[in-house]
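The values are calculated or read from the model by the stated rules, or taken from the named source; none is laboratory data. Nothing here was measured: the structure is a model prediction, and the numbers come from that model. Here the Cβ positions follow ideal geometry from the backbone for every residue, glycine too, while neighbour counts run over all protein chains shown.
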Amino acid sequence: MRLGERFGAAYTTQTLIGSKEKRILEFGHDSLSTYGILAEFSQRAVRDWVEQLVSQDYLQKTGEYNVLAVTDKGHLVLRGEDTPRLIKPAKKPAKVRKTGEKVWGKVDRMGGIQSEVRALIGWEGVDKELFEKLRTLRLKVAKQTGIAPFIVFHDTSLRDMARKKPISRDNFLDVSGVGETKAERYATEFLSVIREHKSE
């Protein structure tokens, strides 16, 4: 929407991850509020999500150049009335040494090790009252910036916040789904709600 529905999937992806590609700078799209909003994710991952949104009819490709446009169903997402179910891109299989010993790669940013993912998905240790306060703030921030709530933070991240209750920026970065970009944009407001809740 910020691009005026005038560009394709590749360009939109580059804008979302904060690419310094010449055309983006020439068009001034590096000044958009959504520029770099998904900078913590790879270009491959974001492009894959775009294609998933197309296949689920939240986006459509139009015209000779496959320009992206938001569908009626997609507008429900922008209003916070629907949430897409997006699948993480498959990770490359672990390399195996000649001895058969596994070489473990870097822990992926979105989930961590499997046991941690299972814990994050559930409600164990989550302060549900704080979770609802964080959801309210997320909706407010989303409306102010004109983006979908799940782009601000997914429910998994809000649950982890309501579980860990970080009060410093460093602790905030330990929350699932929080990278430097999101911490820079949202830490102040979300930490304020958490601190106020803890003091209550």
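Scanning segment 112-151 for residues that are surrounded by 15 or more Cβ atoms within 10 Å (Cβ to Cβ) and either modelled with pLDDT of 90 or more or not in a helix (DSSP H, G or I) (or both) turns up V126, D127, L130, F131, K133, L134, R135, L137, R138, V141, I147, A148. Contact map, segment 1-13: first residue touching a residue at least 24 places away in the same chain (Cβ under 8 Å) and more than 19 Å from F41 (Cβ to Cβ), second residue part of a loop (DSSP other than H, G, I, E, B) and hydrophobic (A, V, I, L, M, F, W, C), Cβ cut-off under 9 Å, separation 6 or more or different chains; pairs are M1/I147.
Only one of the listed residues (A39, A69, A45) is in the same structural domain as E21 (by TED's automatic domain parsing) and more than 21 Å from G146 (Cα to Cα). That residue is A45.
For segment 190-200, the set of residues classified as surrounded by 14 or more Cβ atoms within 10 Å (Cβ to Cβ) and without any contact (Cβ under 8 Å) to a residue 60 or more places away in the chain consists of F190, L191, R195, listed by residue number. Considering the conditions (1) surrounded by fewer than 18 Cβ atoms within 10 Å (Cβ to Cβ); (2) out of contact with any helix residue (DSSP H, G or I) (no Cβ under 7 Å at 6 or more places or on another chain); (3) part of a loop (DSSP other than H, G, I, E, B), D57 is excluded by exactly one of them, (2). Can you tell me which residue is farthest from I147 (Cα to Cα) among those in segment 1-25 that are assigned to a helix (DSSP H, G or I) and of a type in the set (S, T, Y)? Across segment 1-25, the extreme among qualifying residues is Y11.
Among the criteria (1) at pLDDT below 85; (2) under 16 Å from the mean Cα position of the chain (by Cα), the one E51 does not fulfil is (1). Residues in segment 168-185 that are surrounded by 18 or more Cβ atoms within 10 Å (Cβ to Cβ), touching a residue at least 40 places away in the same chain (Cβ under 8 Å) and not in a loop (DSSP other than H, G, I, E, B): K182 alone.
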